[in-house]
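Data block below; observations after.
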Amino acid sequence: MTDTKTSSSFQSPLARARGLGSSKTGTQAWWVLRLTSIPLIPLFIYFLTQSEYIFTKDRDILLKWIQEPISAIALIIFIICSFYHANLGMQEIIEDYISSKGRKIFALILNKFFFFSLGIAALYAILAISFGKV
Amino acid sequence: MSMSERPLSPHLQIYKPQMTSMLSILHRLTGAALGLGAAVFVYWIFSALKGDPSFDCFQRIRESIGGQLLLAGWLFSFIYHMFNGIRHLKWDTGCGINMKSVYRSGWVLIFGSIFLTAFIWFTI
């Protein structure tokens, strides 16, 4: 069979397609896990400085704060990064502890849907508050 | 016997708990706890969006003993997970991968996260 690719990968094309090798598609997950964690650090520090608006029991104060562009943007970035990070983190846990292939795949899909839909819901709420649906 | 029914040799029952393994599993536990906290986070935002009755209801739950315990737990989880995460990032660059550094940074992590959690909890 002729393969005109000049890539230096030792894997056969089929192996690459199946994600074989113990790490499967793991290297990307490893990197994105690190990447998504980094913005969370300055964002946490920022939210600490805003704690009186975040932990308030007065709903109007909270809403006014969310409607500030900086807070809304910070929240959006925070939600995207942390929910993606959470998905990847839980994925590692599932891969480690669920050995049956069928159950593992089911759990992984459920995990992804969980964080994806929660993330979309959270983003919707931030935008709804920001654009005055309050 | 299918894959999942084979007997395992003892591991948790016999392995001596050490700072390395304990901090590592705590990192995983706090991460999982924060994952659950994500759901509560969404609930909080929606209670603010929905209206005063929903928001007040949420605040009352938060003020209950259970609510306070959960909140404190999540605060500690976030801080511990963040600090240990930074420790992991440092290891990813190759720094500090020797027993002395690992134990030293481990102690800094333990005291740092407890201290910062208490500090934030009592000043906010």
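Just so you know, all these numbers are worked out from the coordinates, no wet-lab data involved. Model, not experiment: these values are computed from the prediction. Reconstructed Cβ throughout: ideal geometry from the backbone, glycine too, with neighbour counts over all protein chains shown.
Laid out as a table, the results:
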{"read-out": "In segment B:53-78, the residues that are in contact with a Phe, Trp or Tyr (Cβ under 8 Å, 6 or more places away or on another chain) and of a type in the set (Gly, Ala, Ser)", "value": "B:SER54, B:ALA72"}
{"read-out": "Selection within segment A:92-113 - more than 8 Å from chain B (Cβ to nearest Cβ) and over 21 Å from A:TRP30 (Cβ atoms)", "value": "A:LYS101, A:GLY102, A:ARG103, A:PHE106, A:LEU110, A:PHE113"}
{"read-out": "Filter pass, B:SER9 being more than 10 Å from chain A (Cβ to nearest Cβ) and more than 30 Å from B:LYS100 (Cα to Cα)", "value": "yes"}
{"read-out": "Hits in segment B:102-124 (condition: within 21 Å of A:PHE55 (Cβ to Cβ) and in contact (Cβ under 8 Å) with a residue 12 or more places away in the chain)", "value": "B:SER113, B:ILE114, B:LEU116, B:THR117, B:ILE120, B:TRP121"}
{"read-out": "Single unsatisfied condition, B:LEU26 versus (1) within 9 Å of chain A (Cβ to nearest Cβ); (2) more than 18 Å from A:LYS57 (Cβ to Cβ); (3) surrounded by 16 or more Cβ atoms within 10 Å (Cβ to Cβ); (4) among the hydrophobic types (A, V, I, L, M, F, W, C)", "value": "(1)"}
{"read-out": "Residue list for segment B:69-89, restricted to those being surrounded by 13 or more Cβ atoms within 10 Å (Cβ to Cβ), more than 16 Å from A:LEU40 (Cβ to Cβ) and without any contact (Cβ under 8 Å) to a residue 24 or more places away in the chain", "value": "B:LEU71"}
